[in-house]
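Read through the structure below, which is laid out as structure tokens, and then see the notes.
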Amino acid sequence: MAKIIGIENMSAEELNHELQRGGKFVIFEYCISIILMTFKRPTDIYFIKSGEGATKKSIGFTLTSLLVGWWGIPWGPIYTIGSLITNLKGGKDVTDEVVASLSEG
């Protein structure tokens with residue numbers, strides 16, 4: 001499983017309480033183009049507490065895609081737009097998968 005950022009020093013009880021209040025696990029995306037190759041990658045998993053916005057956690061990945069993702073032809077613009085949409089919508093919600101994985105371990 002990928003690294004989870006944002007749950008350091010949280011007990012299982014605190015984490016469950018945050019999840020019940022609307023907290024969620026998300027991944028963001030970023031895109032990098034190098035000459036003719038374009039790479040679209042997911043980030044580590046981030047825990048977003050209820051009432052907390054995802055923008056400050058996603059802004060670095062969004063800016064990376066805007067600066068170095070778009071210019072690889074043909075996939076650069078396509079992957080960059082996809083990454084921007086995902087990040088601006090608050091990331092891809094992977095809460096169900098993470099909770100299932102945590103309950104197994």
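The values are calculated or read from the model by the stated rules, or taken from the named source; none is laboratory data. Just so you know, these numbers come straight off a predicted model, no measurement behind them. Cβ sites come from the backbone with ideal geometry, for glycine too, and all protein chains shown count toward neighbours. When the accessible area is computed, the model is the full protein with side chains, heavy atoms only, and any ligands, DNA or RNA have been set aside. Shrake-Rupley method; radii C 1.70, N 1.55, O 1.52, S 1.80 Å.
For the chain, what % of the accessible area comes from carbon and sulfur atoms, probe 1.4 Å?
Whole-percent figure for carbon plus sulfur exposure: 60.
What ranking do 35-41, 64-70, 23-29 get when scored by the average of other Cβ atoms within 10 Å per residue, highest first?
The packing order, highest mean first, is 23-29, 64-70, 35-41.
Going Cα to Cα from residue 40, which aspartates and glutamates come in below 12 Å? Please leave out same-chain ones fewer than 8 positions away.
Filter leaves 29.
Using helices alone, what [θ] at 222 nm do you get for the chain, with -39,500 (n - 2.57) per DSSP H run of 4 or more residues, divided over all residues and rounded to the nearest 500?
Taking each H run of at least 4 residues, the total per residue is -14000 deg cm²/dmol.
If you take the alpha carbon radius of gyration of region 5-54 and divide it by 2.2 N^0.38 Å, what ratio comes out, to two decimals?
The reported ratio for this selection is 1.55.
Let me know the Kirkwood hydrodynamic radius for the chain, please, with Cα pairs as the basis and the value in Å to one decimal.
Averaging 1/r across every pair of different Cα atoms and inverting gives 14.5 Å.
Write down the accessible area per residue of the chain in Å², having rolled a 1.4 Å probe over the full set of protein chains.
63
With a 10 Å radius around each residue's Cβ, average the other Cβ atoms per peptide and rank 8-21, 73-86, highest first.
Highest mean packing first, the order is 73-86, 8-21.
Using the Karplus curve 6.51 cos²θ - 1.76 cosθ + 1.60 with θ = phi - 60°, what ³J(HN,Hα) values do you get for each residue of region 63-76, in whole Hz, with x for Gly and Pro?
Whole-Hz 3J(HN,Hα) from phi for region 63-76: 5, 4, 4, 5, 7, 10, x, 6, 8, x, 9, x, 7, x.
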